[in-house]
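Below is one structure, written out as structure tokens; the observations come after it.
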Amino acid sequence: MKGWRIGRIAGISIEIHFTWLVIFGLILYKFSTDLLPSMLPDARPEQLWIAGLATAILAFGSLLLHELAHSLMAQRLGATVSRITLFILGGVAQMTREPKNPASEFKISIVGPLSSILLGGGFIGAYWAITKFDLPKLWAIPCLLVGEINIALAVFNMLPAFPLDGGRVLRSILWWRWRSRERATRIASAAGRWLGYLMMGLGVVQLIATDVTGGLWTLALGWLLSTMATASYQRVQLSQALDGVHVHDLMTSPVATIPAAVPLQRAVFDYFLVTGFATLAVEENGEIVGVLHRDQIQAVDQSLWLGTSVAEVMRPLDRDKMTVRADEDAVEALMKMAESGLERLLVVDWRGTVIGIITQSDVVRLLKMRGELRP
Ligand SMILES: [Zn+2]
């Protein structure tokens, strides 16, 4: 999941997904117009909005710290974390690979809820202190609310539903006991799916009891939980099926290139029809500057083929989205394709030089063969 980058901490890009704005807005509105006025009957409206904003920002900062705790522990244990994205359900830290053993998985998963409990305790402590020393109530209430949010965050995340933290903790324990990650993942994600269904059922009951907002909210959360459980299980299965396969095992190398200045007419007759490839890497001054797929030419009216150059219709190279390193796991390439909606990625070596191309069908073909040959 990608979003707008708002900063960088310890080499990790901090991003906001647009769905997060919805939850931020809702919290701000609900607090400033409903919750805070009932708790602070003497406050003026503008004071309520400032207190609401402070609450929302502190809650958001707490969530970020929760994800940072996961990420820093993961980095300490040798994983690479590229970004943290905040979205409607909370936060998600993008790690490059699955934890290698149950102990790492346990440590990485537990530090998030632990940090939320600590933060919750800290804010509730601050509330007590402010109340005890008779300081303005306007300061005390946001602390109380943020403290409660942190505790709720810890409790929700500790539900034994994979891929939530609690589900990961459960998986690590089962994994350690059974010595089978496959079986542990299957049970932990089944728990996630069933908990999701249970929440959806609860949402329906709430709707029947005419609690429309609460019911829809529980329904949506339950649905998200069960979809996430299924998707994460598939991902783990996929990475198991592709275990030991790297990008360089499946790539086509070298990649066929075409100069950027060539008109489309020549691109078709001298390149595509000669090589038989669907995709060519576009080259300019010895560097790869983009990718050209035959569909991009077909989208241009044939009468314009002589006067249009490859550079004008190609997809310019976006290294973040369109390349993958040769030594990465094949499953990472597949995930990247799914995330960016591309069917092929350029393969680069450690210096960033393009050395090949990998397509979705290369990976799928291998998956199919491995499935058929499995005893
Ligand atoms: Zn967490």
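The values are calculated or read from the model by the stated rules, or taken from the named source; none is laboratory data. Here the structure is a predicted model, which is why all the values come from computation and not from measurement. Here Cβ is always computed from backbone atoms with ideal geometry, including for glycine, and neighbour counts include all displayed protein chains. The protein model used for the area step is the full one, side chains on, heavy atoms only, and it has no ligands, DNA or RNA in it. Shrake-Rupley method; radii C 1.70, N 1.55, O 1.52, S 1.80 Å.
Couple of notes before you dig in:
- From A184, A190, residue being over 18 Å from E105 (Cα atoms) and in the same structural domain as S226 (by TED's automatic domain parsing): A190
- Against the test of being within 30 Å of V354 (Cα to Cα) and open to solvent by 30 Å² or more (accessible area, probe 1.4 Å), the options P263, P160 yield a single qualifying residue, P263.
- Looking across I88, I130, one residue alone is surrounded by fewer than 20 Cβ atoms within 10 Å (Cβ to Cβ), in contact (Cβ under 8 Å) with a residue 40 or more places away in the chain, more than 28 Å from W176 (Cα to Cα) and of a type in the set (V, I, T). It is I88.
- Residue satisfying condition, being open to solvent by less than 70 Å² (accessible area, probe 1.4 Å), among the charged types (D, E, K, R) and free of Cβ contacts under 8 Å to residues at least 60 places away in the same chain, within set E148, E105, E182: E182
- In summary, A261 fulfils each of the numbered conditions (1) modelled with pLDDT under 90; (2) in contact with an Asp or Glu (Cβ under 9 Å, 6 or more places away or on another chain); (3) of a type in the set (G, A, S) with the single exception of condition (1).
- Residue match in the stretch 366-373 (condition: within 16 Å of V291 (Cα to Cα), outside any loop (DSSP other than H, G, I, E, B) and in the same structural domain as S253 (by TED's automatic domain parsing)): no
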